[in-house]
Amino acid sequence: MRLSQYFLPTLKEDPKEAEIASHRLMLRAGMIQQNGAGVYTWLPMGLRVLRKIEAIVRRNQDAAGAQECLMPTIQSADLWKESGRYDAYGKEMLRITDRHDREMLYGPTNEEVITDIFRSHIKSYKDLPKNLYHIQWKFRDEIRPRFGVMRGREFLMKDNYSFDLTKEDAEYSYKKMFLAYLKTFRDLGLRVIPMKADTGPIGGDLSHEFILLAETGESEVFVDAKWNEVDLAGKDIHYNNKPQLEAYFDELTNIYAATDEIHNPETAPKDIIQTRGIEVGHIFYFGTKYSEAMNATVQNKDGKTVPVEMGSYGIGVSRLVGAIIEASHDEAGIKWPSEIAPFDVGIINLKVGDEQTSKLCEDVYTKISATGLDVLYDDRDTSAGAKFANMDLIGAPWQIIVGPKGVKMGMVEMKQRMTGEKFDVKISSLIETITTKLSDLKKGY
Ligand code: ATP
Ligand code: MG
């Protein structure tokens, strides 16, 4: 992408309304535009990041055996009356009436819709287990939307729903998702800690929140110092190896980690760290809460009709964009982890009027793009200082800086945004250097 042609409305000044770094930087880097309280347009560069996160979430859902579908954003109130949540959900639900005076709503979550889909088609234990997910916009009329996409009213969530015959099977599905979440956050370049949680209005017995530690997070959390040493990547754990998966689940869930809602100083270990965090995911096992209320039953082996055992699992895809920036930025701007950077490489042309410099930039731009990497080429006729500041703000993991002096000597400069490290590279080995550096980074987890 040539910056001269790209729609990237960056801001020089800090926007007044932004209280935290990620919100400020997303506005300054031209990633989003606010349309109303808690409602945003994703501008081209913001959307690139959102899509990359979505792809990592999707890949890990598929690997864990979940199947993608897409449910509508608009739901019928009748289903929510069946489950008993229509009144209970209160003012957070955006209620809509259509031209026939039918009560509708903009979905804040999808337990009711998926339970309805399930009961229409599945009648026998032979068709279990099933696990369905979608990545769809939700609306919750939050009392205090703030921090940009972190607490929006309209936001993108991956949610999935597991269906099993027995409690034991349902717990296994839960543990698979627990592992899938750890692998997802690992692939996003984040260290996210699973914490025992309250089940809240969703109800149920077993629940974990996945929390990214960050000073600006809304949740107050208490974690055992041991978490610093734990393998959170679930590297060699396989979904189909039940004993291995259960041992790993037990190992992790036995290390203390709790939000303030359920923190208990009496049971907490001595070496405890009190800090703050951002909830990026939340999983629930709630048994037959919805299947009983909505009559979603199957025949078991003995021909008896039993309500299906369910769990639900959410990841805040749009919240993650902000959360990742909270975890990875400096005064100058965003430092994207390479896995989800909107551009892998930024090229800065220090002298647009210089024929040789521009020719080299074009050549490098074409060749790197041809390797499949995403490249942003700053070909604008502006000052070097403005270009440096802009590229640091946008936060591409690698910068290639091309100026007339270097070109004469057959050299360009490379800068790694994450570390600030700079070094000179021979033009003849540039492509090779950049492709190995990037594959090293992507192997980093
Ligand atoms: P919170 O406690 O932050 O209000 P929640 O517990 O109500 O979230 P869940 O119902 O567990 O949210 O939704 C699953 C995930 O969706 C959350 O873990 C979070 O990452 C994301 N999420 C929830 N509400 C919002 C929101 N208003 N804006 C952006 N993301 C959200
Ligand atoms: Mg939650």
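The values are calculated or read from the model by the stated rules, or taken from the named source; none is laboratory data. Owing to the predicted nature of the structure, the values given are computational and were not obtained by experimental measurement. All Cβ positions, even for glycine, are placed from backbone atoms using ideal geometry, and neighbour counts span all protein chains on display. Calculation scope for accessible area: heavy atoms of the full protein, side chains included, ligands and nucleic acids excluded. Shrake-Rupley method; radii C 1.70, N 1.55, O 1.52, S 1.80 Å.
Odds and ends about this structure:
- Residues in the stretch 256-267 that are open to solvent by 20 Å² or more (accessible area, probe 1.4 Å) and away from ligand 1 (no atom under 14 Å from the Cβ): 256, 263, 264, 265, 266, 267.
- Filter pass, residue 325 being in the same structural domain as residue 427 (by TED's automatic domain parsing) and open to solvent by less than 10 Å² (accessible area, probe 1.4 Å): no
- Residue 298 vs. criteria within 16 Å of ligand 2 (Cβ to nearest atom), of a type outside the set (Asp, Glu), part of a strand (DSSP E or B) and surrounded by 18 or more Cβ atoms within 10 Å (Cβ to Cβ): no
- Some residue of the stretch 303-312 being in a strand (DSSP E or B) and of a type in the set (D, E, K, R): yes
- Residue list for the stretch 242-255, restricted to those being among the hydrophobic types (A, V, I, L, M, F, W, C) and surrounded by fewer than 18 Cβ atoms within 10 Å (Cβ to Cβ): 247, 255
- Among residues of the stretch 355-364, those that are open to solvent by less than 50 Å² (accessible area, probe 1.4 Å) and either free of Cβ contacts under 8 Å to residues at least 24 places away in the same chain or in a loop (DSSP other than H, G, I, E, B) (or both), counted: 1
- Scanning the stretch 130-168 for residues that are more than 8 Å from ligand 1 (Cβ to nearest atom), touching an Asp or Glu at 6+ places or on another chain (Cβ under 9 Å), closer than 19 Å to residue 94 by Cα and not in a strand (DSSP E or B) yields 141, 143.
- Exactly one residue among 149, 113 is open to solvent by less than 60 Å² (accessible area, probe 1.4 Å) and within 30 Å of residue 376 (Cα to Cα), and that residue is 149.
- Residues of the stretch 270-295 satisfying the condition of being within 16 Å of ligand 2 (Cβ to nearest atom) and either polar (S, T, N, Q) or surrounded by fewer than 18 Cβ atoms within 10 Å (Cβ to Cβ) (or both): 276
- Cross-chain or 6+ apart pairs with Cβ under 7 Å, the stretch 276-305 first and in the same structural domain as residue 223 (by TED's automatic domain parsing) and touching a residue at least 12 places away in the same chain (Cβ under 8 Å), then in a helix (DSSP H, G or I) and of a type in the set (Val, Ile, Thr): 284/202; 286/202; 290/115; 291/115; 294/115; 296/115
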